[in-house]
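Before any comments, here is the structure.
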Ligand SMILES: *Cc1c(COP(=O)(O)O)cnc(C)c1O
């Protein structure tokens, strides 16, 4: 069963947790228990493929909720692109999460979640509307994953002028069951509007609203697969493994903590953020304070109130000391981000996008000599061509699969940053 973090005695099935996303008073769902995988699984990890690993990990979590053959199909379809681990230096590796259809790691969660929705809605006549706030990458991954899916409408809210040109095209050109609202506000405003809509009981009854942000457990959980896959690709070694995660809403890092609970040997995570650094501050001094949002060149991580922080607290028993044992915080200014991009280029001939560069910087500062480090490269550098070009002098080519998009016509409705304006668009 899945319990409501704000009210643990309230429990629902996986189906309900996934289709609803979040409780009516904004509580996140968490699994009552996280089972461990047996030692035999970890012994054969290095011989398994990504899809085999993903199937075993999802089985341990979802056995009993989904038929095994259906789960296998969902996993195989969701994880159908490579996630290579590349070695850059003796103890330095990058896990490239951007080889999916929309060029960011969000494809993993969105594609798995779409499969789960399809499975749970197979015999339902009802229609659900996915309301999703995006800082750039989630919206396009969700649009791609849910395009033409029966019984699902997708409505994307994105902050006007705060996503890149390619991101905007990805959000606004699909048509069909996907629509886009361009909000005159920032990402936190979009997230707030979505939360308000979820709290609106009448609207929910009328529209069967749900979310595809990492507040949805089905979006978040599959992101644990690639932590296992990273360790598998490292091969047999006795060094402690450190993984640096570029973080905004902390779904990615929460999935890493879940992988560790399932038994994966990761010594420590590094929570690497931009100037929105409430979580690194908490890790340092035990005080959690939210600050006004800061806009940075790593815009997908411009989040002032990370929605998965309560899940991280739950996973660490609400204990600051326990959390700081598992996670070290790190943050970068924009100038430090650019310096990290430059250093990756100069020292390793590697071109990273600003988000991945922040993760690299975290590793550079906090990886002990005796350990082996992996940083997650969360988006293709072509998604941020202006900044990458300015810093590295290199013109990153947009992959052919996305070039066509740039000629398609944007279709979005510009709305004011208030709830009434959102309501007018929902029908
Ligand atoms: C969403 C996103 C992040 C942040 O991931 P969270 O799970 O929200 O912490 C980092 N990098 C990129 C490129 C993203 O799209």
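For the stretch 391-427, which positions are more than 21 Å from residue 95 (Cα to Cα), in contact (Cβ under 8 Å) with a residue 12 or more places away in the chain and in a helix (DSSP H, G or I)? 391, 401, 402, 405, 406, 419, 422, 423, 425, listed by residue number.
Which of the residues that make up the stretch 327-355 are within 21 Å of residue 85 (Cα to Cα) and touching a helix residue (DSSP H, G or I) at 6+ places or on another chain (Cβ under 8 Å)?
340, 341, 342, 343, 344, 345, 350, 351, 352, 353, 354, 355
The set of residues in the stretch 320-355 being under 26 Å from residue 397 (Cβ atoms), within 14 Å of the ligand (Cβ to nearest atom) and in contact with a strand residue (DSSP E or B) (Cβ under 9 Å, 6 or more places away or on another chain) consists of 352, 353, 354, 355. Within this structure, residue 335 passes the test of being over 23 Å from the mean Cα position of the chain (by Cα) and under 29 Å from residue 189 (Cα atoms).
Only a single item in (1) under 16 Å from residue 223 (Cβ atoms); (2) near the ligand (Cβ under 10 Å from one of its atoms) is not met by residue 273, and it is number (1). Starting from residues that are outside any loop (DSSP other than H, G, I, E, B), within 23 Å of residue 196 (Cβ to Cβ) and within 15 Å of the ligand (Cβ to nearest atom), keep the ones in the stretch 112-136 and report whichever is modelled with the highest pLDDT. Out of the qualifying residues, it is 113. Checking the structure you have, find out if any residue of the stretch 78-90 is within 21 Å of residue 213 (Cα to Cα), in contact with a helix residue (DSSP H, G or I) (Cβ under 6 Å, 6 or more places away or on another chain), in contact (Cβ under 8 Å) with a residue 40 or more places away in the chain and in a helix (DSSP H, G or I). Checking the stretch 78-90: at least one residue is within 21 Å of residue 213 (Cα to Cα), in contact with a helix residue (DSSP H, G or I) (Cβ under 6 Å, 6 or more places away or on another chain), in contact (Cβ under 8 Å) with a residue 40 or more places away in the chain and in a helix (DSSP H, G or I). Checked against the criterion of being buried (at least 22 other Cβ atoms within 10 Å of the Cβ) and farther than 16 Å from residue 281 by Cβ, the candidates 339, 322, 352, 314 yield just one match: 352.
Within the stretch 29-74, track down each residue that is closer than 18 Å to residue 108 by Cβ and outside any helix (DSSP H, G or I).
48, 49, 66
Looking at the stretch 302-312, is at least one residue farther than 30 Å from residue 161 by Cβ and away from the ligand (no atom under 16 Å from the Cβ)? No - not one qualifying residue is present in the stretch 302-312. Look at (1) in a strand (DSSP E or B); (2) outside the structural domain of residue 239 (by TED's automatic domain parsing); (3) touching a helix residue (DSSP H, G or I) at 6+ places or on another chain (Cβ under 6 Å) and you find that residue 95 fails only one, number (2).
For the stretch 148-178, residues that are closer than 26 Å to residue 119 by Cβ, out of contact with any helix residue (DSSP H, G or I) (no Cβ under 7 Å at 6 or more places or on another chain) and crowded, with 20+ Cβ neighbours inside 10 Å total 1. Residues of the stretch 228-248 that are free of Cβ contacts under 8 Å to residues at least 60 places away in the same chain and within 13 Å of the ligand (Cβ to nearest atom): 247 alone.
The values are calculated or read from the model by the stated rules, or taken from the named source; none is laboratory data. Nothing here was measured: the structure is a model prediction, and the numbers come from that model. With ideal geometry, Cβ positions are generated from the backbone for all residues, glycine too; neighbour counts draw on all protein chains shown.
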